[in-house]
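To start, the structure under review is shown below, and the notes come after it.
The values are calculated or read from the model by the stated rules, or taken from the named source; none is laboratory data. Computed from a prediction, not measured in an experiment: that's the story for all the values here. Positions of Cβ are backbone-derived with ideal geometry, glycine not excepted, and every protein chain shown enters the neighbour counts.
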Amino acid sequence: MAKDTYLKKILGNDRYSRVRQTKILMVGAGGIGCELLKDLVLTGYGEIHIVDLDTITLSNLNRQFLFRHHDIDKSKSLTVAKAVDSFNYFDTKLVPHHGNIMDAKQFPITWWSQFSYIFNALDNLEARRYVNRMCLYLKTPLMESGTTGFDGQIQPIYPYYSECFDCQSKVTPKTFPVCTIRSTPSQPVHCITWAKEFLFHQLFDEVDSSAGGLNDAAKIKSETDDKDEIENMTKEFNELVDLRKLIFNSDARTFFTELVNKIFKVDVERLLLIETLWKSRQKPVPLIITQYEQDLIRILDDQTELQKIFGDETKVWSTLENLVILFKASESLQRRLQGEESFLSFDKDDEDTLNFVTASANLRSIIFNIEVKSKFDIKQIAGNIIPAIATTNAIISGFSSLSGTNYFKYDFEETQDFSRIYQESSSIFISIKPNKYITSASLVGPNERCPTSSIARGLLKLTPVEVKELSLKWLVDKLIEQYDYADEAVALILGKSRLIYDVDFDDNLEKRLGDLSGFTDGELLMVQDDDGELESIELYISIVEDHESDYLPQIKLGPKKAITEESSNGSSGAPDVATDTIVIDEEDEDLVEVTEPVVKKRKIEVEVL
Ligand SMILES: Nc1ncnc2c1ncn2[C@@H]1O[C@H](COP(=O)(O)OP(=O)(O)OP(=O)(O)O)[C@@H](O)[C@H]1O
Ligand SMILES: [Zn+2]
């Protein structure tokens, strides 16, 4: 049977002919992207654009099966596009783009508007949110997907008909109270966090006293009322400062001995004095280095023995072995700081930093009678790594492409009316839990409180000549005419927060649009109703050579909706998939970044042209 006859049979004639004519975009060509592109090519799409900003690394090869060893350092998007050639049975046109999808210069809205459907195969919240917003401006359906270990999810998004990516707040990563980390750890992860975020950071990293963290007095006070505990922590901190000085003016042995003595003996003895802490907890046992000194010296001189310890990363090291590792790591870190490097940051792939954190976390675990972990395990936890599983990616990609074909049931060319299809589509979840390997949930309408989809969005299309000739007054009148705003109720905010017009500020009215600084292609214009009756609309300024249709989107603005703090909160990378990520990690801060769409008018910030 000819290959496309086969496809016709599976999809049916109508869907088949629509698939063949459809141009889609896939964002991300990593773990999910490789699997997904294979599926999309075999679905028979007419044209697929692929965007990825990254190049291939060795660690990608175990699961990103379209890449080979000789592809290392090559562009992911260009490589995947070539790799699928051997099974491109339906002659799908592949158009790769190497670049950041959030780059509005490389990918202006006119570029986005060519796609009928967008598939996300991304690994971060920021890019996901960006694509979600672009889809809202253009009313382009989006298939969102994400995996974390054995968990995975797809979410079909039909803009303004079903929930958008931001409609559900994302699971917040776990955080630990400072005092659990500093005084009363009870799990390996507490000791690992302490070793990485506190000990390593204070000794070797660049310390920014204004940044807060585990030493911030206010933070400590907010976690405990115990005066002794606060005093202890402050003392510990000051002694650490002295220890840091020793890095530069002592030899390796002195530094190591002082380090072990202070961190694993003196600090612990001090904690033991606070009796309230140990009423219902097992007491820690301070480490006495002299008990291990002789063996330590012997092993440090024995290369074979050393190699044996360092060679097995999956073994759980004994106290003595952890001390050996700690000595070698601190010696090496000390040498690096005495040399060229002015500070050292923890990096799971930097052996010295990982060894230091592993050994010090384990020694603390031993003291507090907590399970000791192998270096391999600690690397996963300290690096916030949740292993990526090829099978999870393959299953999720399968669901993503399969569910995407639902779109071809109807002809949306003219209408973009998704009222039926969204009710026939579902989010799908997979997991390793028995009886819950695959579950699904019907799509529901947008969350009224969603910070992203609770305002209307669309394009304001103008030609360069119109931008030059039309005045702001023309635009205000046009907005009133189109959206039924009460007279004098319109307020316009350009970009992040610049008020360019409202009833009390009409200085710009006679200006040409092009003379308003910032009125450029790709900039956002927020239209607010000062009477508080109608919802806001965010317009994406699109300057095009020609626009047949209207200047403004054909939308009926609904009544204004309330947005709450709670609903504008988000954090995890994959949609709704819980992770065991440890916070108190600066890197995670970008994960909680939220783009607030509703800009409060602030006249103070007005720049009069
Ligand atoms: N803003 C962006 N623009 C374009 N591509 C992006 C953007 N953000 C992320 N990506 C791409 O999305 C893909 C996500 O894939 P994946 O989660 O497998 O990540 P990875 O970097 O390949 O693997 P890992 O993070 O596990 O080492 C990556 O190839 C990444 O380059
Ligand atoms: Zn939403």
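Looking only at the range 304-334, residues that are in contact (Cβ under 8 Å) with a residue 60 or more places away in the chain and closer than 30 Å to Asn249 by Cβ come to 7 in all. Looking across the range 114-128, the residues that are modelled with pLDDT of 95 or more and of a type outside the set (A, V, I, L, M, F, W, C) come down to Gln114, Ser116, Tyr117, Asn120, Arg128. Within the range 84-110, the residues that satisfy the criterion of being in contact with a Leu (Cβ under 9 Å, 6 or more places away or on another chain) and without any contact (Cβ under 8 Å) to a residue 24 or more places away in the chain are Asp85, Asp103. Among the residues of the range 96-125, those identified as away from ligand 2 (no atom under 16 Å from the Cβ) and in a helix (DSSP H, G or I) are Ile109, Thr110, Trp111, Trp112. Given the structure, is Thr55 surrounded by fewer than 17 Cβ atoms within 10 Å (Cβ to Cβ), within 14 Å of ligand 1 (Cβ to nearest atom) and free of Cβ contacts under 8 Å to residues at least 40 places away in the same chain? So Thr55 passes the test.
Assess whether Leu78 counts as being within 18 Å of Ser400 (Cα to Cα) and hydrophobic (A, V, I, L, M, F, W, C).
Numbers: within 18 Å of Ser400 (Cα to Cα): no; hydrophobic (A, V, I, L, M, F, W, C): yes.
Answer is no for this residue.
For a quick check of your reading: which helices (runs of 4 or more DSSP H) sit entirely within the range 358-469 and have at least 1 residues that are under 30 Å from the mean Cα position of the chain (by Cα) and within 16 Å of ligand 1 (Cβ to nearest atom)? Even if it seems obvious, please write down each step before you answer.
Working: elements: 375-382, 390-404, 421-424, 464-469.
Where helices (runs of 4 or more DSSP H) fall fully within the range 358-469 and carry at least 1 residues being under 30 Å from the mean Cα position of the chain (by Cα) and within 16 Å of ligand 1 (Cβ to nearest atom), they are 375-382, 390-404.
All told, Phe150 falls short of being aromatic (Phe, Trp, Tyr), buried (at least 20 other Cβ atoms within 10 Å of the Cβ), within 19 Å of the chain's Cα centre (by Cα) and at negative phi. All but one of (1) of a type in the set (A, V, I, L, M); (2) closer than 17 Å to Ile537 by Cα; (3) in a strand (DSSP E or B) hold for Val476; which doesn't? Only one criterion in (1) of a type in the set (A, V, I, L, M); (2) closer than 17 Å to Ile537 by Cα; (3) in a strand (DSSP E or B) is unmet by Val476, namely (3).
So is Thr55 under 17 Å from Gly99 (Cα atoms), among the β-branched types (Val, Ile, Thr) and away from ligand 2 (no atom under 16 Å from the Cβ) or not? Yes.
Restricting attention to the range 256-308, which residues are within 14 Å of Asn322 (Cβ to Cβ) and not in a helix (DSSP H, G or I)? Hits for the range 256-308 are Leu287, Tyr292.
Taking the range 1-95 as the region of interest, the helices (runs of 4 or more DSSP H) fully inside it that hold 3 or more residues being modelled with pLDDT of 95 or more are 31-43, 76-83.
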